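Q: This is the structure, below, for whatever I ask next.
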Amino acid sequence: MPSQSRSGVGRRVLNFVLCVGLISAVLFVQRFIVAQDALVEPVATAGAQGSVVSSRAFEAEVTRVDVTAEIEVTSSVIGDAEKVPANGVWVVVWARVTALEDTVHGVSAELRMADGVVYDERGWFWASLDRGTFSPAIPQRGAFVFEVPADRLDGPALVLTHRPGFEDRLSSQVEIDLGEVDSEPGPEAVILTGPEIDMGGNGTGEAADASE
C-alpha cells in the first residue's frame, strides 16, 4: 500500500509538471504568432522630410511644406474659384513621387499628427498629387493638400499608401516626418499647380501675393 501511494503521488506530480510545461510552451509559441491584421496591413517605411523614402511600389520625397489661409486654384470639385479660404489652415505638402517597377494609379494621402489624429486629403482640388498616375522611373512633383485646425498642427507626418486593387492587403506605404511646422499661415496665398514631370527639380510650389 505505501508503494502504491507513492506511485499515485508520483503520477500526480508528473501530470502537474507536464501541464506546467505545456502551458509554458503555448505561451512561448504565442509570442511568435502574428495577428491577422498585421498579416494584411500596409508594409510601411518611415523617413524624414528632405530624404527619399522608398516602399516596394513607389518612393517619395517631401521638399517643402506651406501653411496658408488661402489656396489659389484654377478649378476644383467645389467649382471654379480664384482663391479658396481654409476653415482653419491649408497644409500644402510639396513632394516628388516616383513609381518603381509598375504603374501606380493613385496614392492616397493622410496627415498624421503626433497624437495619432489623422486628416485625409480632401480631394477637392483637381491639381492635387493624389489624383496622379505614376509611370515607372518618371518622377512627378506636386502637392498634397490638407485642411487642418491651426491648433491641431502638431508633429505632422505625411502618410502615403498605394493599394493595388484598392485593397489594404500588403499595400505599400511610406510615412514621412515633416518635423516642426509653424501653424501660423503665411501672408500670401499658395498657388496650387498640377503634377509635373520632375527629373531633378526642387518640387516646390510658388506663392501668390494675397493682396492681388
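Q: Along Cα→Cβ, 7 Å out, is where each label goes; now give me the distance between the ones at residue 151 and residue 137 in nm to one decimal.
A: In this crude label model, residue 151 to residue 137 measures out at 5.2 nm.
Q: Can you give me the long-range amide H partners of residue 58? Hydrogens built in the peptide plane at 1.01 Å from N, cutoff under 5 Å, separation of 5 or more residues or another chain.
A: 100
Q: Expressed in nm to one decimal, what extension gain is obtained for the pair residue 64 and residue 82 from 0.36 nm per residue of sequence separation less their Cα-Cα distance? Walk me through the numbers before you get to the answer.
A: On the way: separation 18, 0.36 × 18 = 6.48 nm, distance 2.28 nm.
Here the answer is 4.2 nm.
Q: Based only on other Cβ atoms within 10 Å, what is the fewest-to-most ordering of 138, 176, 191?
A: Working: 138 12, 176 24, 191 19.
By the 10 Å Cβ count, ascending, the order reads 138, 191, 176.
Q: Shifting gears a bit: Just rank 199, 113, fewest to most, by other beta-carbon atoms within 10 angstrom.
A: Listing 199, 113 from fewest to most nearby Cβ atoms yields 199, 113.
Q: How compact and how long is segment 116-198, expressed as Rg and Dmax of its alpha-carbon atoms in Å?
A: Looking at segment 116-198, its Cα Rg and Dmax stand at 14.4, 43 Å.
Laboratory data are not the source of any read-out in this text; all were calculated from the coordinates shown. Since the model is a prediction, treat every value here as computed from it, not as a measurement. Neighbour counts run over all protein chains shown; Cβ positions are idealised from the backbone, glycine included.
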